[in-house]
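Each remark here refers to the structure printed beneath this line.
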Amino acid sequence: MNNNKWFLQELQVLRSQEVIDEPTELALRKYYEKRLAETSGINHIMMCIWIVGIVSILSGIILFFNYNWDSWSKPVRLMLSSIPMLCGFALSLWALIKGKGQKFLEGSALLTAGGAAILIALISQIYQIQGNLNDYMTLVLFIAIPFVYIFNSIGLLALYIIGLFFTIHYIEAKAVIQLIQLALPLPFFVFHFYRRSNYLSPLRFLAMPLCVFSLFIGKFPEGPVLLTLVIFLSLGIQEGQFLASSKNSGRNPWYSLCSLGLAWTLIILSFVDNDNPFAIKGALFNPSLLVCVLASGLYLWSFLARPMTLLKWFLLGNVLFCLILTCLPEGLYSCHLFFNIPLLCIGIALLLDGIQKRLLSTFNLGLLFIIGMLAARFFDMNISALSRAPFFVGFGVVLLVGNLKFSKYLRNTQEAANETN
Amino acid sequence: MKPTNKIRLALYILAFALALAYPVHTVISLENEANIAGTFMFKVAAYDPYDIMRGHYMALRILPDKFKKEDNSLDVRKKCYLQLGTDKDGFAEILGITNEKPENGPYLALNGRIARRSYEPEGYFTIHYPFSKFYLNEKIATQADAEVRRISSATDSTDKLYLQVDILKDGNFKVDNLYINGKTIRQHLEQ
């Protein structure tokens, strides 16, 4: 329901319970009825119809060009291919000279960069040049990044970060170029985080895929990638814990995503039986390990900068455990079951954090860790059914007894509070 | 105009010129006849798939796609150079494959496109050409597919099916067209 509509309904209740007087009710009603008319869903629907209509017309024109493409000469096809980029140029000049607002600047950035991408793709098609996708995206991203800065464009930055994932290649990856492309948008993040600008919230969303991309630089051997992933996810939960305490955690994209990611990673790791998933032998000079070192530094900085909590200690324990595993000689890995301990500990810490801060989402995430661990062990064929059975019965009894004690504690606390009142 | 917008405008024009530089350079270098080291006719076998993003294309099996190297010394993980010549029928043939850039003669630079198969005899290398796709308009795609399939599957066919490719001096290439008996596939289907 629209907030204004809800408030108008609420006014009647407030008036009937004499929380507000009649003139106040009338003044508020007049104000919110006007706002309701302004923010009516009709405007939104009409805007959507406009956009769908324009996109539909453009799609039809593209298909018409597509059908007749071969009939035109090469110069005509080259001219048609450059139209989107030239439109971007015209829009950009108009927006900059006339001093138009951010929406026009976003459009200019997207149209210029998109136009360049279209032109390059169509030249490849016209001359039947068949490069690969990662080379094409590498070129397009280098072309796009200046427009992100010139137009301060968050939309183009989002596309840039998505585009980075298309440069990943197992064989033909160019690690140095990927590192440069990873570094290029960082000043944009630093600037907006430092200035606490309006882009803070979307940049928080975009930071995570940028971190994830850094795992796949070069030929990404498994060990450093997994280790860096665990460090990044732990960092995300750690940072999210403190951001969530001041806001609704649902608005913080890191907390839930990282918690889900870490739970899932630890569950999978708890099944890995023979190979050490964190082995870094032979990958000492790989860029993934450099990213891993940087991630560890960031994690350590975050650990020292924030107040100490139980969750933070458990996360640190988990990271240290993974770091120790990297040094384990080949063939000695049999610690997969140890991953149950961080699953359980982080789960409990999140549960307690959720109870303490009265955040249901945090509580649910904690529950997810514990349920995930239980489900994984239920299906774990590496442990005999006879060993699993008493564990599950025992764990269930502990939970029920704990719950009874906790209910009793809550009842006593409530009664004590009532007596005091 | 605000001073910040003036700076933005100057930077934008600079960035736009740089963005335009690559496509313009590509078109000029491909159109410049002086850059072409040689034109080759590659025998092909083909089938016609459909790509959701790029439309219809012929997936071509370019021949010859195997080469026996006597000394067996080739690092396929590094950039390879395919030296090209012409056989007695006028079709392209491979003269040699090396990791060192040839000093003269037309050559094709390939990266990660040469493989050594365990089931092949010692010294044999398989080549995946970078021009293995030929894009077609949907108006002729089905007909072209049927025609190419007919020619490539017939054992006693006298029709000549080949892909004409310009090899540039820097090892790059430009696909000219797909030909049947000296006519482009479009001309062949229209007759």
Sorted by chain and number, the residues with a modelled amide H under 5 Å from that of B:GLU93, at a separation of 5 or more or across chains, are B:GLY85, B:THR86, B:ASP87
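Can you give the FRET efficiency to the nearest 0.05 for A:GLU18 and A:ALA416, using r as the Cβ-Cβ distance and R₀ = 41 Å?
0.75
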Heavy-atom accessible area of A:THR413, protein chains in place, probe 1.4 angstrom, given in Å² to nearest 10, is 70 Å²
In terms of the charge dipole of segment B:57-191, which places +1 on Lys and Arg and -1 on Asp and Glu at the beta carbon, the residue among B:SER132, B:ASN177, B:SER73 farthest towards the positive end is B:SER132
Ordering A:TRP50, A:TRP94, A:TRP313 by the accessible surface of their heavy atoms, 1.4 Å probe, largest first, yields A:TRP50, A:TRP313, A:TRP94
Spelling it out for B:ASP176: with amide H atoms placed in the peptide plane at 1.01 Å from N, the residues 5 or more places away or on another chain with amide H under 5 Å from its amide H are B:GLN164, B:VAL165, B:ASP166
Cα-Cα pairs in segment A:4-75 separated by more than 17 Å, as a whole percent of all pairs, come to 65 percent
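Given a Förster distance of 30 angstrom, what is the FRET efficiency for B:GLN83 paired with A:PHE142, based on the Cβ-Cβ distance and rounded to 0.05? Mind dumping the intermediate values first?
Numbers: r = 33 Å, r/R0 = 1.09.
In this case the efficiency is close to 0.40.
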With no solvent term and unit scatterers on the alpha-carbon positions of segment A:24-110, Debye gives log₁₀ I(q)/I(0) at q = 0.16, 0.24, 0.26 Å⁻¹ of -0.90, -1.12, -1.16
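Which value in deg cm²/dmol, rounded to the nearest 500, describes the helix-derived mean residue ellipticity at 222 nm for chain A, given -39,500 (n - 2.57) per DSSP H run of n ≥ 4 and division by the residue count? Display every interim value, and only then the final one.
Working: 18 runs with 321 residues, N = 421.
That comes out to -26000 deg cm²/dmol.
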Reported to the nearest 10 Å², A:SER56 has, with a 1.4 Å probe, an accessible area equal to 70 Å²
Pairs over 22 Å Cα to Cα, from B:LYS101/B:LYS169; B:LYS43/B:LYS79; B:LYS133/B:LYS160; B:LYS43/B:LYS88, come to B:LYS43/B:LYS79
Quick calc: nm separation of the 7 Å Cα→Cβ label points for B:GLU120 and A:PHE391 -> 5.1 nm
With the charge dipole of the protein assembly as shown built from beta-carbon charges (+1 for Lys and Arg, -1 for Asp and Glu) about the Cα centre, the Cα from A:SER92, A:GLY115, B:VAL24 projecting farthest to the positive end belongs to A:SER92
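Taking a 1.4 Å probe, which of A:LYS100, B:LYS6 shows the most accessible area, and what order do the others take after it? Walk me through the intermediate numbers first.
Working: A:LYS100 75, B:LYS6 120 Å².
Of A:LYS100, B:LYS6, the descending order of accessible area is B:LYS6, A:LYS100.
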Where a ≥ b ≥ c are root eigenvalues of the Cα gyration tensor, a/c under 1.5 meaning rounded, otherwise prolate if a/b exceeds b/c and oblate otherwise, segment A:60-191 counts as oblate
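Under a point-charge model restricted to the Cβ atoms of Lys and Arg (+1) and Asp and Glu (-1), what is the dipole moment magnitude of the protein assembly as shown relative to its Cα centre, in debye to the nearest 20? Could you put the intermediate results ahead of the total?
Values: 54 positive and 44 negative charges, 315 e Å.
Result for the protein assembly as shown is approximately 1520 debye, rounded to the nearest 20.
Taking only protein heavy atoms into account and a 1.4 Å probe, give the accessible area per residue of the protein assembly as shown in Å². Please report the intermediate quantities before stating the final value.
Working: 34260 Å² over 612 residues.
That works out to 56 Å² for each residue.
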Phi angles of segment A:159-166, converted by Karplus (6.51 cos²θ - 1.76 cosθ + 1.60, θ = phi - 60°) into ³J(HN,Hα) in whole Hz with x for Gly and Pro, give 5, 4, 5, 4, x, 4, 5, 7
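Taking every eigenvalue of the Cα gyration tensor of segment A:262-314, multiplying by 5 and rooting it, what semi-axes result, largest first, whole Å?
Details: eigenvalues 121, 77, 11 Å².
Taking √(5λ) for each Cα gyration eigenvalue gives 25, 20, 7 Å.
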Bounding extents of the protein assembly as shown in its principal axis frame from Cα atoms, largest first in Å, are 107, 71, 47
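The values are calculated or read from the model by the stated rules, or taken from the named source; none is laboratory data. What you are looking at is a predicted structure, and each value in this text was computed from that prediction instead of being measured. So basically every Cβ, Gly included, is an ideal-geometry build from the backbone, and we count neighbours across all protein chains shown. These area figures cover heavy atoms from the full protein model, side chains too; ligands, DNA and RNA do not enter into them. Shrake-Rupley method; radii C 1.70, N 1.55, O 1.52, S 1.80 Å.
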